[in-house]
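Just so you know, all these numbers are worked out from the coordinates, no wet-lab data involved. Everything quoted here is computed from the prediction, not taken from an experiment. Here the Cβ is made from the backbone with ideal geometry for all residues, glycine too, and neighbour counts use every protein chain on show.
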Amino acid sequence: MPNSWQTYDLVIIGASFSGLTCARAAALRGLSVFVIEAKDDPGARIHTTGILVKEAAEELDVPADLTRAIHGVRLYAPNLKSVDLFSPGYYFLTTKTSNLMRWLADEARRAGAEIRCGIKFTGATHVGETIKIAQTKISCRYLVGADGAKSTVADCFGLGKNSRFLVGIEAEYTKLDGFDDRFLHCFLDSKIAPGYISWAAASPDAIQIGLATKSSHKPDLNRFRQHTKGLFAYDESAIVEKRSGVIPCGGIVRPYAAKNVLLIGDAAGLVSPLSAGGIRLAFRFGKKAGQAIADHLTRFGPPPETVLEKQLPGFAKKQTLRNLLDLAPPNFLYNSLLTTPLMRKFARHVYFHKRLTKDINLEEFTAQLPTGAK
Ligand SMILES: Cc1cc2nc3c(=O)[nH]c(=O)nc-3n(C[C@H](O)[C@H](O)[C@H](O)COP(=O)(O)OP(=O)(O)OC[C@H]3O[C@@H](n4cnc5c(N)ncnc54)[C@H](O)[C@@H]3O)c2cc1C
């Protein structure tokens, strides 16, 4: 830390998906940017599965060697009967998430941002036209809270806070015999994962097994492993990492901005209440926030929140479906509905969003894949 006060145009709290994307965009537009991260390394202690939906990969091009494309979803009922879902042209990218985070940090640095790790933000105060960051000699013209679901920046400036969460837990295996890595495996079971699903997915270098539940329930990975031990040959010695975290699912917090302060990413509640995916919105609104702040500070642009407000997603339908999921539909309903055309259509809509194309089966889908992707 410098001895005398150092003033930046923009200070960002949190070096993860939203903070680093924001830092890069603002630095590219010429702002002096300082990112404060509590962990010793942005790639350390990752708390996410890190799957990018296709739309996230369209927001930001990431290096191919950090990702693995998965084209199909195998959706299981509680009785483990399954349906295979495809949408030609659609894919998910699993990631080497720690390395992806380090790459995002490198990109932000390359654009000119400074990133300081190992500093925990505890508070800040407005002093005239600047904001002074507590316990540092850093001040800024604008402050962004990209500090996750339980934001200290939101606390500090009396902004809205997430109050509704899912709780996620995951283990990463080096190998899992019997695993069909062409699919994102998703399991419906209101006893094991009330309010959400369990999942298994092959990343470029591991296999991730996890589940999330509504926050009134404690996620139990062992119970899920017991349930699926006939499908996957679990070998506990092959576990390389375990992680857990909370996922906001109550929609956008209000207010998410104060004078020269803005929340983005999970801190702002920018997570789909239904899919619980937040990386796409972290990329999208991280970048837009960086651009809008730069335009505001240097090009007479309007306050960033007025720019973002017009573009924020409307979560009304997803919130209704979230409320239904939280009721944890009985397992017999999932068992009897899963293979019906209506449920299949609904599931394809949830997984493939607006890109619903003609429904096809595994053989038809495999025939369409380029060699090497089969
Ligand atoms: C188990 C689990 C699985 C998930 N899987 C997916 C998925 O596959 N796909 C998807 O799209 N979304 C997924 N999500 C959601 C996704 O991870 C988040 O939406 C995303 O990480 C939000 O990014 P962010 O940058 O806003 O915040 P975060 O990734 O939460 O990062 C916040 C950063 O701020 C730092 N920080 C916090 N407090 C302070 C402080 N006081 N001082 C300094 N630094 C601080 C933290 O260390 C962290 O680096 C998952 C979430 C969980 C919990």
Next on the checklist: Whole angstrom only: what separates the Cα centroid of segment 193-207 from the Cα centroid of segment 76-141?
Outcome noted: 20 Å
Checklist entry - Using θ = phi - 60° and the Karplus form 6.51 cos²θ - 1.76 cosθ + 1.60, what ³J(HN,Hα) does each residue of segment 149-166 get, whole Hz, x for Gly and Pro? => result 4, 10, 5, 6, 4, 4, 4, 4, 10, x, 8, x, 10, 5, 10, 10, 9, 9
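Ranked from highest to lowest mean number of other Cβ atoms within 10 Å per residue, what is the order of the peptides 283-293, 119-129, 180-190?
Top to bottom by mean Cβ count within 10 Å: 283-293, 180-190, 119-129.
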Checklist entry - For segment 5-65, rounded, prolate or oblate, judged on the Cα gyration tensor with a ≥ b ≥ c (square roots of eigenvalues), a/c < 1.5 rounded, else prolate if a/b > b/c? => result oblate
Checklist outcome for this item: For the chain, averaging the sequence separation of alpha carbon pairs under 8 Å that lie six or more residues apart and dividing by its residue count, the contact order in percent is 23 percent
Checklist outcome for this item: In debye to the nearest 20, the charge dipole size for the chain, taken about the Cα centre with +1 at each Lys and Arg Cβ and -1 at each Asp and Glu Cβ, equals 800 debye
Next on the checklist: Taking every DSSP beta bridge with both residues inside the chain, roughly what % is antiparallel (nearest 5)?
Outcome noted: 65 percent
Checklist entry - At 222 nm, what helix-only mean residue ellipticity would the chain give, in deg cm²/dmol to the nearest 500, using -39500 (n - 2.57) for each DSSP H run of four or more? => result -8500 deg cm²/dmol
Item to check | Centroid-to-centroid separation of segment 145-182 and segment 27-62 [C-alpha atoms, Å] | outcome: 14 Å
Item to check | Out-of-range pairs (alpha-carbon distance over 19 Å; input Lys161/Lys191; Lys175/Lys229; Lys96/Lys242; Lys39/Lys259; Lys259/Lys318) | outcome: Lys161/Lys191; Lys39/Lys259; Lys259/Lys318
Checklist entry - Near Lys137, which lysines are there with a Cα under 18 Å away, not counting those fewer than 8 places off in the same chain? => result Lys120
Checklist entry - Under the definition of Cα pairs under 8 Å and six or more residues apart, what whole-number percent is the relative contact order of segment 165-222? => result 43 percent
Checklist entry - Amide H to amide H, which residues 5 or more places from Val35 or on other chains are under 5 Å from it, using H placed in the peptide plane? => result Ile12, Glu114, Ile115, Arg116
